[in-house]
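Peer 1: Please read through the structure below; I'll follow up with questions.
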Amino acid sequence: MKNNQTNNNGITKTIVCAAALALAGLTACIASQETQSIVATMGKGSGSGCIGTYYAVAQMTNNLGLFLITPPTGTTNGIFQDISGFPAPYASAMVVIRSSDLKSWCTNSTNGVSFPATSSDSYQMTVYVNSKTPPPSSGQTMKLQVTWQP
């Protein structure tokens, strides 16, 4: 199943639910994805850990435009990725912060960052662009994706 939604902030989310057919003819979700196209905020800064020096920032938002995302019921794991597809020398760091205890996960891997997740908590997901030259350029969108797994 695929469902496109646009929130009040003009951010389009594509929610994909991979389904499995049970013997009784029922459909059950085995994973879901949210993909957002977001215009990065340009500006140089630096962060600790794997973030390092960055030149742009993009954050996923929920349906209200807030930076905290709550996974669907039954989620046990999340994978956050920068799927913008920009050519080399583009590089980014992906960071996830759990709101309840501020525990964070960070990676520079193109495979994204995996983290334990539950629907009883919410998560802030940010991409820091580490490459000095565009892309992204001012006004250019990035594509961020989170996959929720049971």
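None of the figures in this text is laboratory data; all of them are computed from the coordinates on show. Only a predicted model underlies this, so the values are computations on that prediction, with no experimental measurement involved. Glycine gets a Cβ as well: all are built from the backbone with ideal geometry, and neighbour counts include every protein chain shown.
Peer 1: For region 125-132, indicate whether the set of residues that are assigned to a loop (DSSP other than H, G, I, E, B) and buried (at least 16 other Cβ atoms within 10 Å of the Cβ) is non-empty. Spell out how you get there, then give the answer.
Peer 2: Taking region 125-132 first, the residues assigned to a loop (DSSP other than H, G, I, E, B) are 130-132.
With buried (at least 16 other Cβ atoms within 10 Å of the Cβ) added as a condition, the list becomes 130-131.
Taking every residue of region 125-132 in turn, at least one turns out to be assigned to a loop (DSSP other than H, G, I, E, B) and buried (at least 16 other Cβ atoms within 10 Å of the Cβ).
Peer 1: Out of Thr118, Thr61, Thr110, Thr75, report the one residue that is in a loop (DSSP other than H, G, I, E, B) and within 19 Å of Val39 (Cβ to Cβ).
Peer 2: Of the residues listed, the single one that is in a loop (DSSP other than H, G, I, E, B) and within 19 Å of Val39 (Cβ to Cβ) is Thr61.
Peer 1: Restricting to region 80-127, and then to whatever is among the acidic types (Asp, Glu) and over 9 Å from the mean Cα position of the chain (by Cα), can you tell me which residue is farthest from Ile69 (Cα to Cα)?
Peer 2: My answer is Asp101.
Peer 1: Between a first residue in region 128-142 that is within 11 Å of Ala88 (Cα to Cα) and a second residue that is surrounded by fewer than 16 Cβ atoms within 10 Å (Cβ to Cβ) and not aliphatic (A, V, I, L, M), which pairs have beta carbons less than 9 Å apart while being 6 or more apart in sequence or on different chains?
Peer 2: Ser131/Pro89; Thr133/Pro89; Pro134/Gln140; Pro135/Pro87
Peer 1: If you don't mind, another one. Within region 78-100, how many residues are outside any strand (DSSP E or B) and closer than 12 Å to Ser122 by Cβ?
Peer 2: 2
Peer 1: Name the residues in region 43-64 that are touching a Gly at 6+ places or on another chain (Cβ under 9 Å) and not β-branched (Val, Ile, Thr), would you?
Peer 2: Ser46, Tyr54, Tyr55, Ala56
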